[in-house]
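The values are calculated or read from the model by the stated rules, or taken from the named source; none is laboratory data. All figures in this text were calculated on a predicted structure; none of them were measured in a lab. A quick note on method: Cβ atoms are made from the backbone with ideal geometry, for glycine too, and the neighbour counts reach across all protein chains shown.
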Amino acid sequence: MTLSRNTPLAWKNLTHDRRRLAVAIAGIGFAVLLMFTQVGFQNALFDSQVKMIDDLQGEIFVVSRAKYTLAAEKRFPRARLHQVRSCSGVAGAYPLYSELTTSVLRKIKAGLGNRGYPLRSLGYHLGDPIFRDPRVAQQSQRLRAPGTALVDVKSKLKKFDFARQPPHELAHQALELAGKKISLVGNFELGTDFAHDGNLIMSDESFARYFPHRNRFADPLAVVDVGVVHVQPGFSVQQVQQRLVQTLEQDVHVYTRQEFRRAEVQFWDKSTPIGTIFLAGKLIGFVVGMVICYQVIYADIADHMPEFATLKAMGYSTGYFIRLIVVEALLLSLIGFLPGTVVSRVLYALLAEKTGLQMLMNLDSLTFVLLATMAMCIASGLLAVRKLLSADPASLF
Amino acid sequence: MDSQTTVPATSGAFSAGMRLPQTVRVSGLDHFFGEGELRKQALYNNNLDVRRGEIVIMTGPSGSGKTTLLTLIGTLRTVTAGSLQVLGHELCGAERDMIVCLRRELGFIFQAHNLFESLTAFQNVNMAAELAGLDRRVAAARIEALLTRLGLGQRIHYKPQSLSGGQKQRVAIARGLVHKPKLILADEPTAALDEQSGREVVTLFQELAREEGCTIIMVTHDNRILDVADRIVNMVDGHIKSDVAVRETSVICEFLKGFPLFADLTPNTLAEVADQMMVHEAEAGQELIRQGDPGDLFYLIRDGSVDVLVADGATSKKVAELGQGQYFGEAALITDEPRNATIRAREKSVFYALGKEDFRRVLETSATFEEELRQALFRRQ
């Protein structure tokens, strides 16, 4: 007694009343939209948290074991990178320096200091293959002059309104970083996240000049924030990572790109309220969808009680009715999912334009929302099926 | 020889002389509605046998329990007290799965059509065919034939929306019949139909009963179709007040009318006589009456045939052969003399027998009637 071969009662009942079907599609589509919005924002926020990692070259990353997130200012001795270089399979290991709390950028207006805002300053040894953005390498010559930096064009507009100016105008800006004069000689693109409102890139020499106290009583460049490791072609990243873990002291983590990314997302998801907030958002979408779906299925059952009772009298079993409703719920979820996804897609495009966040509808989020939609419809179907099972054929006579 | 049974001739147990298996067997059936203080008895110790191929019409005022009995027989209510067997299955304390299976052998026709608005007439009927596991092509052919038969040939693929009330009811009837159920339970099946289509439906019922051996139990107030009933069960206040095999009774009355002494009896009196007769069965070669014995019964041959033998000294001579509808044994009862011949069954036969006392009483009524009639005619002159 397969439903596919026989009279498609679930489909027929669902599509018979066009108006109810339209309401059902709109309702479930709305729930799908709600969930997609939540998933989209969450992914966008997590993606922007790890945008920095995505923009780095290299296959393996070394960070201090105490560094629980990129924004945490925990460093490891540069000597570890010498050890890394000595390992076989390593093509190169390059230090990346980062400063946030003392890195305050201030605009000087008519000789008076404006209020400054902190942003992330990144320092690197000019010529090191660290950044993926080709503009960094192209403009690295300009960074040779001390007191120069590149600015992130995606820095927060409200705080750093000058960041989007073309390079020749940028040069005329009177700016101070950590109390010292700085001139912006170009720009690059990275983006903001929860912890960072903007970014600067400069040479390690300039970096040491601006932040001399980051390593107390010693060379400010003796401590590294992120070690970027390139693996020689032909070597397995995993094997090299294993070797590094064995070689290095326990004060550092040796991550592959995936692990580094995951650790960062994990922190924002689990250790901050962000994950919970989005979970609540998704749950609300789920519950709204469930209520709508329950209403649709319940109304369909309630309107057909005598007919279902007749089927019962004819000898249709409980199993048939449960299958019928599950199929109906699944059909509802699918026909609600498609328009919901299309609308979400449009909304993603609009939101991406407005917020600058990366709203991507990847396979993971599609699968997640589809499964959630199916689960929500089946759950409400099973709740409503009790009504159907209460149909009493004896009431027909 | 004693093949006399306590089965009354008019019970319908023997139709055309054949003892048919019981499709429904109700014995000592009680039914209650409600719980605790609100508990109310709806059926009181009911007994009813319905045999294969019978068309039973249940009548009675509303609230008399006929619908309750019908739903109990249809497995739609749980049997809690007494015994109810349907198609050989005891329903009292029956398993859920068995009931679901049993329901597939039944055909239901409800007062309301209960068709799915979303399905066409064909698909609605097909819901029943699918459940029976019929081959698709066989099912399709049968559904089309059935709907055409019921005057819906042009509307097979219409949805209920575009059918009239009577047409919808006929689709529902087709749905109840398509899987060739062994037992059909119908509630006012013809109420929504006009004379002609109502007649077509009951003719179809009769065909199913005769050709497929389908048993039909119907609740109806439609007097136009009472004539199709083999048996009419009348219920009052939860009791079966009367249970008459009308078809068999009329057959007996026809036979009795052939007996000259009974020819003048009114149909009512004939029916009463029929009620008093009991069923006798005899194997081939069995003697029913022996010459010289005292006479005690009057026999009507329901099925089979007998030889009439008269003893002539040491040898006996066959003087006649009697068949269906003929009678014997009356002479000894009228004259109070011993039997004047021996009757031997030629084959397995069924007889309806009337006791001597009852026979005499009938004759007296008959005489009174004749006398009264004669006097009445006389006064008119």
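Do we have any residue at all in the stretch B:87-109 that's more than 24 Å from A:GLY319 (Cα to Cα), more than 8 Å from chain A (Cβ to nearest Cβ), among the small types (Gly, Ala, Ser) and under 20 Å from the mean Cα position of the chain (by Cα)? Yes: one or more hits. Please go through the stretch A:127-181 and give me each residue that is over 19 Å from A:VAL228 (Cβ atoms), more than 27 Å from the chain's Cα centre (by Cα) and among the hydroxyl-bearing types (Ser, Thr, Tyr), ordered by number. Correct list: A:THR148 only.
Scanning the stretch B:107-121 for residues that are of a type in the set (Phe, Trp, Tyr) and farther than 29 Å from B:ILE73 by Cα gives no hits.
Determine whether A:THR367 is surrounded by 15 or more Cβ atoms within 10 Å (Cβ to Cβ), within 23 Å of the chain's Cα centre (by Cα), more than 14 Å from chain B (Cβ to nearest Cβ) and hydroxyl-bearing (Ser, Thr, Tyr). Taking the combined requirement at face value, the residue does not satisfy it.
Residues of the stretch B:92-102 that are surrounded by fewer than 16 Cβ atoms within 10 Å (Cβ to Cβ), among the hydrophobic types (A, V, I, L, M, F, W, C) and assigned to a helix (DSSP H, G or I): B:MET98, B:CYS101.
A quick yes/no check of all residues on (1) within 18 Å of A:GLN57 (Cα to Cα); (2) basic (Lys, Arg); (3) in contact with a Ser or Thr (Cβ under 7 Å, 6 or more places away or on another chain):
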| site | (1), (2), (3) |
| --- | --- |
| A:VAL224 | yes, no, no |
| A:VAL237 | yes, no, yes |
| A:ARG261 | yes, yes, no |
| A:SER271 | no, no, no |
| A:ILE277 | no, no, no |
| A:ILE284 | no, no, no |
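When the stretch A:313-322 is filtered for residues that are surrounded by fewer than 24 Cβ atoms within 10 Å (Cβ to Cβ) and either within 7 Å of another protein chain (Cβ to nearest Cβ) or under 19 Å from B:GLN123 (Cα atoms) (or both), the ones remaining, listed by number, are A:MET314, A:GLY315, A:TYR316, A:SER317, A:TYR320, A:PHE321. Within the stretch A:119-140, not a single residue is among the aromatic types (Phe, Trp, Tyr), in contact (Cβ under 8 Å) with a residue 24 or more places away in the chain, touching a Lys or Arg at 6+ places or on another chain (Cβ under 7 Å) and in the same structural domain as A:MET202 (by TED's automatic domain parsing).
Scanning the stretch B:126-159 for residues that are at the interface with chain A (Cβ under 10 Å from one of its Cβ atoms) and not in a loop (DSSP other than H, G, I, E, B) returns B:ASN126, B:MET127, B:ALA128, B:ALA129, B:GLU130, B:LEU131, B:ARG136.
Residues that are more than 15 Å from A:VAL265 (Cα to Cα) and either acidic (Asp, Glu) or assigned to a helix (DSSP H, G or I) (or both) within the stretch A:44-84 comprise A:ASP55, A:GLU59, A:GLU73, A:ALA79, A:ARG80, A:LEU81, A:HIS82, A:GLN83, A:VAL84, listed in sequence order.
Conditions (1) at pLDDT 85 or above; (2) closer than 30 Å to B:VAL50 by Cβ, marked per residue:
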position	(1), (2)
B:VAL233	yes, yes
B:VAL244	no, yes
B:ARG247	no, yes
B:VAL251	no, yes
B:THR266	no, yes
B:ALA271	no, yes
B:ASP296	yes, no
B:TYR299	yes, yes
B:PRO338	yes, no
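For the stretch B:201-217, the criterion of being within 28 Å of B:TYR44 (Cβ to Cβ), crowded, with 19+ Cβ neighbours inside 10 Å and within 14 Å of another protein chain (Cβ to nearest Cβ) is satisfied by at least one residue.
If the condition is being facing chain A (nearest Cβ under 10 Å) and not hydrophobic (A, V, I, L, M, F, W, C), then the stretch B:57-81 contributes B:LYS66, B:THR67, B:THR68, B:THR71, B:GLY74, B:THR75, B:ARG77, B:THR78.
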